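A.B. asks: Following this message is one structure expressed as structure tokens.
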Amino acid sequence: LRARLLEAHGKGDLLGAQMVVLDSRSGTVLCDLAIGHGTYLKGRPVTSETMFNLQEISKLVIAFHVMRLVERGSLRLDTKLGEVWPQAKLFKDISLEQVLSHTTGFMQVFPKDLKDMKSLCDLQGMLKLLEAGKLESSLPPGYKQSYQHFHWGWLLWAFLQGQRDFMKNVEADMAFNKESAAQRADRRYAGEADIATLTKPMNSSSAEEMAEMFSNIDLFLDILRKGRMPGASPEAKANTELLLGCHGQMYLLNPAAFDQPTLAEGLLPGVVGYNNAKSVATWLQRCERGDVVRPETLESMKRSRHVSGQAGTALPAELRQFCEADFGLGVELASLPGREKHDKAWGHTASGGSFALSIPGQRPLIAVLAVNRTDSWKRGVTSSILTALSEYAGPVQAQNAATH
């Protein structure tokens, strides 16, 4: 792993990274690496304590806390949003299970009338927008599994009204060193905080990148054409609505912007979360061991809610990692290089290339990679690391696969 990360850093494909691997059963540390730098602008090296923006991995932490509320009886998976949020009539038939499993039928990335990035951080303001019908369902609830970026957290938060200790417990589990978001931001911009800056690569467009851009335009036009044809399927129409809804608002997905003070201090549940790889790996091993939720609850979370017969979703380039993603209850079921389809890891990946995964096998692993460049999937860095981990863990034994 060290050799692969150092090679990527030497080629300019990696800015900074942490890599922690634990034995899933015992918790023994098998690998603890810190490589590169936290930012292009300062030469501060990454250490094992450096905080990274783990982006969508934060969905995993929230999901486990929600399932703890389900275990306590504070929430039910079949509870409909209409029961707890009657003001939002468009959402009345959506269940908690459908929000967690990305099967709400809402394929738009942004609500209508979203004016700027600051609005994204105003959680109550976003809920008011949704109440006003600024996010419309493209498909019936349960029709299709399609990755929900921002509104996974917004809709989930609507279920959590009245759970006053919820966010406090989430921050405690994410090991935020008892600092508020504002305190972290203050230290960061005073130059004191050891936080890796999430950034796009500093390079000019190559011929390959230009070719990819033009192929994306062709894909965009093809999706528009299919969605506007007479007799177009509901799914084709939904894909068209999704891409049209992103037009002129793609800057709202710029990962580098999420390290700016307003967003760093804001509350974007399931999109922004700061931690280091070691803390996340320790927490994930506790989840696997049954210390966070009961084993039967974890098994339910790991069961795929993919809707049979439905294809992937045409998401914007920044979220391409999730076009074919498979989800349980807030848990991503990640395919592994060289493995059979059923032989998946569970946890969550991030659009920038980070991941936190429990990898099954003859030597089961807990593995967390944190990176601060947003093109680690594209550059093959993340895939290379996953290949090495999959090979080391070994495939699930035949009898276990049959049971699965």
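A.B. asks: Restricting to the stretch 297-310, name every residue that is surrounded by fewer than 18 Cβ atoms within 10 Å (Cβ to Cβ) and among the aliphatic types (A, V, I, L, M).
C.D. replies: Of everything in the stretch 297-310, just one residue is surrounded by fewer than 18 Cβ atoms within 10 Å (Cβ to Cβ) and among the aliphatic types (A, V, I, L, M), namely V307.
A.B. asks: Find the residue count for the stretch 15-47, including only residues that are touching a residue at least 24 places away in the same chain (Cβ under 8 Å), open to solvent by less than 60 Å² (accessible area, probe 1.4 Å) and closer than 27 Å to G394 by Cα.
C.D. replies: Of the residues in that region, 12 qualify.
A.B. asks: Please state which of the following conditions A367 fails to meet, knowing it meets all the rest: (1) in a loop (DSSP other than H, G, I, E, B); (2) over 15 Å from the mean Cα position of the chain (by Cα); (3) modelled with pLDDT of 95 or more.
C.D. replies: That leaves (1) as the condition not met.
A.B. asks: Which of the numbered conditions does M126 fail, given that it passes all the others? Conditions: (1) part of a loop (DSSP other than H, G, I, E, B); (2) in contact (Cβ under 8 Å) with a residue 24 or more places away in the chain.
C.D. replies: All conditions pass for M126, except number (1).
A.B. asks: Does any residue in the stretch 312-323 that is over 12 Å from Q108 (Cβ atoms) come within less than 9 Å, Cβ to Cβ, of a residue that is open to solvent by 50 Å² or more (accessible area, probe 1.4 Å) and of a type in the set (K, R) six or more places away or on a different chain, and which pairs are these?
C.D. replies: Within 9 Å, the pairs are R320/K378.
A.B. asks: Looking only at the stretch 361-372, which residues are touching a residue at least 60 places away in the same chain (Cβ under 8 Å) and open to solvent by 10 Å² or more (accessible area, probe 1.4 Å)?
C.D. replies: The answer is R363, P364.
This table checks each residue for (1) open to solvent by 10 Å² or more (accessible area, probe 1.4 Å); (2) modelled with pLDDT of 95 or more; (3) under 20 Å from the mean Cα position of the chain (by Cα).
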residue: E288; (1), (2), (3): yes, yes, yes
residue: P295; (1), (2), (3): yes, yes, no
residue: G312; (1), (2), (3): yes, no, yes
residue: A325; (1), (2), (3): yes, no, yes
residue: L329; (1), (2), (3): no, yes, yes
residue: H348; (1), (2), (3): no, yes, yes
residue: G352; (1), (2), (3): no, no, yes
residue: T374; (1), (2), (3): yes, no, yes
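A.B. asks: Can you name the condition, by its number, that K92 falls short on among (1) touching a residue at least 60 places away in the same chain (Cβ under 8 Å); (2) in contact with a helix residue (DSSP H, G or I) (Cβ under 6 Å, 6 or more places away or on another chain)?
C.D. replies: (1)
The values are calculated or read from the model by the stated rules, or taken from the named source; none is laboratory data. Remember, it's a predicted structure, so these values are computed and weren't measured experimentally. All Cβ positions, glycine included, derive from the backbone under ideal geometry; neighbour counts span all protein chains shown. For the accessible areas, the whole protein counts, side chains as well, though only heavy atoms, and no ligand, DNA or RNA atoms are used. Shrake-Rupley method; radii C 1.70, N 1.55, O 1.52, S 1.80 Å.
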